[in-house]
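Worksheet for the structure shown next.
Please treat every number below as a calculation from the coordinates, not as lab data. The model shown is predicted, which means the values in this text are computed figures rather than measured ones. Methodologically, a virtual Cβ is constructed for each residue, glycine included, from the backbone with ideal geometry; neighbour enumeration extends over all protein chains shown.
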Amino acid sequence: MGPIVDKKASIISFQNVSKIYPNGVQGLKDLNIDIKQGEFVIVVGLSGAGKSTMLRAINRLHEITSGDIQIDGKSITKAKGKELRLIRRDIGMIFQSFNLVKRSTVLRNVLSGRVAYHSTLKTMFGLFPKEDKQLAYEALQRVNLAEKVYTRADELSGGQQQRVSIARALTQEPKIILADEPVASLDPVTTEKVMDDLLRINHELGITIVVNLHSVDLARQYGTRIIGLRDGEVVFDGPVAKATDETLRGIYGEKILEEPKPEGVTV
Ligand SMILES: Nc1ncnc2c1ncn2[C@@H]1O[C@H](COP(=O)(O)OP(=O)(O)OP(=O)(O)O)[C@@H](O)[C@H]1O
Ligand SMILES: [Mg+2]
């Protein structure tokens, strides 16, 4: 018999990862997490639980203190120079605050997803090849914003701006998209649109997506796998169906019990 091979390779792997901030705060405690290609993972936890720290460790926006993080089998923790740039090119990022260049057009913003593929000089002068513009346009179509291609970013609603930032991430042709509280500043209807876009991208393109969320309800509605963090530690990692009220209490502590709930709802 040959070796046992996982049907799907792991695309993000945390191995004994800890992070201590310079001020002594322990952001992450001995994380061991394996995320397979094509998964849609939602990370939940109270404010300060370590969600952003975990997400930023994945593309090394933050250095970790010990352990190793592997992306598609390569250590991003140890990578340097060109190797690091190539690993990062595979990872798109979406922020709560959208991080768009407000006075630029939607197209310019989305095209900036291609910068890692070209020389700085070219992209500084906005010289992107025709194929890139095609990619940008297709990405905008995917989030239903093709008609806004020449609109200035600051003329869009918050939800539209977030969808532009999703299109920018897509234009990067990443294997992974990380989204840190992508809907925290949006109203409920817009929230659904943005979450639906992320889910569709995951289904249609097979891009692995990791989303940080505050809301338990959203996590339940959209998640297939939930990772619960508390004080920098994984306190739950499993399918949504197994995230019982008891589990959620473990993630959120007593705080969740203090919130008044409508009759008949037990959390
Ligand atoms: N740059 C930093 N320097 C020192 N401590 C930090 C820094 N960033 C975060 N922390 C601390 O690390 C812990 C985890 O923070 P993190 O931002 O990852 O939490 P979070 O789960 O994303 O919270 P939120 O829901 O508020 O965004 C907190 O105790 C926080 O105060
Ligand atoms: Mg955060």
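Counting Cα-Cα pairs of the chain in 10 Å increments starting at 0 gives whole-percent bin shares of 7, 28, 34, 23, 8, 1, 0. Relative to the longest principal axis of the Cα atoms of the chain, helix 158-171 runs at roughly 70 degrees. Put simply, the amide H of L28, placed in the peptide plane, has neighbours under 5 Å in K19, leaving out anything fewer than 5 places away on its chain. Remark: the N16-Q141 segment gains 41.0 nm on full extension, using 0.36 nm per residue and subtracting the alpha carbon distance. For I12, the residues whose modelled amide H falls within less than 5 Å of its own, excluding neighbours fewer than 5 places apart on the same chain, are I35, D72. Phi-derived couplings, Karplus 6.51 cos²θ - 1.76 cosθ + 1.60 at θ = phi - 60°, listed residue by residue for the range 104-112: 8, 6, 4, 4, 4, 5, 5, 4, 5 Hz, with x used for Gly and Pro.
Taking the DSSP beta bridges with both ends in the chain, the antiparallel portion is around 50 percent. If only the Cβ of Lys and Arg carry +1 and only the Cβ of Asp and Glu carry -1, the dipole of the chain around its Cα centre is close to 1220 debye. A Förster radius of 45 Å, combined with the Cβ-Cβ distance separating V25 from E155, puts the computed FRET efficiency at roughly 0.65.
Could you list the trypsin sites (Lys or Arg not before Pro) in the range 1-96 that lie in coil according to DSSP, counting only those with at most 13 other Cβ atoms within 10 Å of their Cβ?
Numbers: sites: K7, K8, K19, K29, K36, K51, R56, R60, K74, K78, K80, K82, R85, R88, R89; in loops: K7, K8, R60, K78, K80.
Here the sparse-neighbourhood loop sites are K7, K8, K78, K80.
Checking the a/c ratio against 1.5 first, then a/b against b/c, what shape does the Cα gyration tensor give for the range 11-85? Present the calculation step by step, with values, prior to reporting the outcome.
Numbers: a/c = 1.88, a/b = 1.18, b/c = 1.60.
Note, shape of the range 11-85 comes out oblate.
Phi-derived couplings, Karplus 6.51 cos²θ - 1.76 cosθ + 1.60 at θ = phi - 60°, listed residue by residue for the range 30-40: 6, 7, 10, 9, 10, 10, 8, 4, x, 6, 10 Hz, with x used for Gly and Pro.
Applying the criteria of a DSSP loop state and at most 12 other Cβ atoms within 10 Å to the GluC sites (Glu not before Pro) of the range 1-103 yields E63. You can think of it this way: the chain between L205 and E246 has 11.3 nm of extra reach, that is 0.36 nm per residue less the Cα-Cα gap.
Which entries in K102/K193; K19/K193; K29/K74; K8/K29; K193/K242 show an alpha-carbon gap greater than 30 Å? Don't jump to the answer; show the numbers that get you there.
Numbers: K102/K193 21 Å; K19/K193 34 Å; K29/K74 22 Å; K8/K29 27 Å; K193/K242 26 Å.
Exceeds cut-off: K19/K193.
Of the peptides 111-117, 127-133, 215-221, the ranking by mean beta-carbon count within 10 Å, highest at the top, reads 111-117, 215-221, 127-133.
Spin-label pair K130-K74: with each label point 7 Å from Cα along the Cα-Cβ axis, the two points sit 3.1 nm from one another. Between the beta carbons of R220 and S66, assuming R0 = 30 Å, the FRET efficiency works out to 0.35 to the nearest 0.05. Mind checking the angle between helix 130-142 and the chain's longest principal axis? C-alpha axes, 0 to 90 degrees, to the nearest 10. Between the helix axis and the principal axis of the chain, the angle is about 40 degrees.
Net length available on complete extension from D196 to A9 is 64.8 nm, with 0.36 nm assigned per residue and the Cα-Cα distance removed.
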